[in-house]
Structures are given as C-alpha cells and as structure tokens.
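Asks: Here it is, the structure in full.
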Amino acid sequence: MKAINEMKLTVPSRSANEGFARAAVAAFIAPLDPTIGELADIKTAVSEAVTNCIVHAYRDGIGVIYIQAKILEQGRVVIRVRDTGCGIEDVKKAMEPLFTTCENGERAGLGFAVMESFMDKLRVSSRPGRGTTVTMEKTILSKGA
Ligand SMILES: Nc1ncnc2c1ncn2[C@@H]1O[C@H](COP(=O)(O)OP(=O)(O)OP(=O)(O)O)[C@@H](O)[C@H]1O
Ligand SMILES: [Mg+2]
C-alpha cells in the first residue's frame, strides 16, 4: 500500500532520545487526529521499542536507532524501530510476557506484551550479533466515521 506520508529519524541510543522519538512520532501522526487513547497507545509502544534498543541492543555502549513511521491509506500507521545491536537469540521466547534477560529486577519483561496489546500488529525480526527490527501497525479510526 502506498504511503501518504513518511518520516525517518536516526538518533544515538541515549536515554533522552526515548522521549524525543516518542514525541516525534506523536507529532507525525497528529494530522490523523487520533484520540487521546490511540495517541497514548502509540507513544507507549514507541517508547518500549526505543527503550529496548537503549537498554538491551546497545547495552555496552551507544549505537544508532533507526525509526521510521509511515501513514498509509485509511489511517494505517506503520512504525519501524531498528537497531544494529546484539540481536535476540530466541525471539519467540523474548516476546513471552514476563520474559526478561535483565537479572537485577529492574525490568518487568513486559515491553513486547505492551507493544502487542497497544498496537494492532507487531512483528519482531532479529539476528544475533546483527540487530533487531520491530515493526508495529495501528489503524487510527476516523473520528468522523
Ligand atoms: N532491541 C533489542 N535488542 C536485543 N535484545 C532485545 C531487544 N528488545 C528486547 N530484547 C530482549 O527481549 C527481552 C524482552 O523484552 P521486553 O521489552 O518484553 O522486556 P524487558 O525489556 O526485559 O522489560 P521491560 O520492557 O518490561 O522493562 C529483553 O529482556 C531482551 O533480552
Ligand atoms: Mg523492554
């Protein structure tokens, strides 16, 4: 499906950029006039995906996070968050609620579960040592409809 509009954002994996990426995607989709709930869902999902790049993909340093958002016809929004970090050994397992490789109790292991429940579609592809791509989709329902 043809994109009506698209944007690309490249940021270093510094924690300040989690809020920036979330706000940038929110501003990008604003013309679709999302409800407060739809906007909150998308912001939270972006936040979880970007945080994963910061804390997991590039856990030993700073790397590049590639964020892409597209608006397709009928209010479909596709957001891709990609890193070239450590990658995930077992994606299916990583996506299970409460699974985390973080052993200090700081993480709940709910990031993917949140992305899955707040968005209509979630696809995760990863290659250990090469990086991870998270693609999420949500349709913004027209308020006038
Ligand atoms: N971009 C990524 N690169 C490498 N590993 C990742 C990435 N995203 C997620 N993971 C792995 O998948 C696991 C599950 O991710 P998820 O976001 O669901 O939970 P979490 O980040 O551990 O905890 P929470 O998101 O609740 O703070 C992580 O613990 C990590 O091992
Ligand atoms: Mg997470």
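The values are calculated or read from the model by the stated rules, or taken from the named source; none is laboratory data. Small disclaimer: the values here were computed from a predicted structure and weren't measured. Note that we place each Cβ from the backbone using ideal geometry, even for glycine, and neighbour counts take in every protein chain shown. With ligands, DNA and RNA removed, areas are computed over all heavy atoms of the protein, side chains included. Shrake-Rupley method; radii C 1.70, N 1.55, O 1.52, S 1.80 Å.
Asks: Check whether at least one residue in the range 30-39 is more than 16 Å from ligand 1 (Cβ to nearest atom) and assigned to a strand (DSSP E or B), and report yes or no.
Replies: no
Asks: Also: Output the number of the condition that R130 fails; it satisfies all remaining conditions of (1) farther than 15 Å from C53 by Cα; (2) out of contact with any Lys or Arg (no Cβ under 9 Å at 6 or more places or on another chain).
Replies: (1)
Asks: Just one of the numbered conditions (1) closer than 29 Å to M1 by Cα; (2) touching a helix residue (DSSP H, G or I) at 6+ places or on another chain (Cβ under 8 Å); (3) surrounded by 12 or more Cβ atoms within 10 Å (Cβ to Cβ) is not true of I88; which one?
Replies: If we test I88 against (1) closer than 29 Å to M1 by Cα; (2) touching a helix residue (DSSP H, G or I) at 6+ places or on another chain (Cβ under 8 Å); (3) surrounded by 12 or more Cβ atoms within 10 Å (Cβ to Cβ), just (1) comes out false.
Asks: Now, a different point. Between residues in the range 40-64 that are touching a residue at least 60 places away in the same chain (Cβ under 8 Å) and residues that are assigned to a loop (DSSP other than H, G, I, E, B), which pairs lie under 6 Å by C-beta distance while being six or more apart or on different chains?
Replies: Sorted first by the residue in the range 40-64, then by its partner, the pairs are A45/M119; C53/S13; A57/G85; A57/C86.
Asks: Select, from A94, A57, A45, the only residue that is within 16 Å of K121 (Cα to Cα) and buried (at least 18 other Cβ atoms within 10 Å of the Cβ).
Replies: Result: A45 is the single residue among A94, A57, A45 that is within 16 Å of K121 (Cα to Cα) and buried (at least 18 other Cβ atoms within 10 Å of the Cβ).
Asks: Look at R82 and say whether it is surrounded by 15 or more Cβ atoms within 10 Å (Cβ to Cβ) and either closer than 30 Å to A30 by Cα or more than 14 Å from ligand 2 (Cβ to nearest atom) (or both).
Replies: yes
Asks: So L110 clears everything in (1) among the aliphatic types (A, V, I, L, M); (2) touching a residue at least 24 places away in the same chain (Cβ under 8 Å); (3) within 14 Å of ligand 2 (Cβ to nearest atom); (4) open to solvent by 20 Å² or more (accessible area, probe 1.4 Å) except one condition, right? Which one?
Replies: (2)
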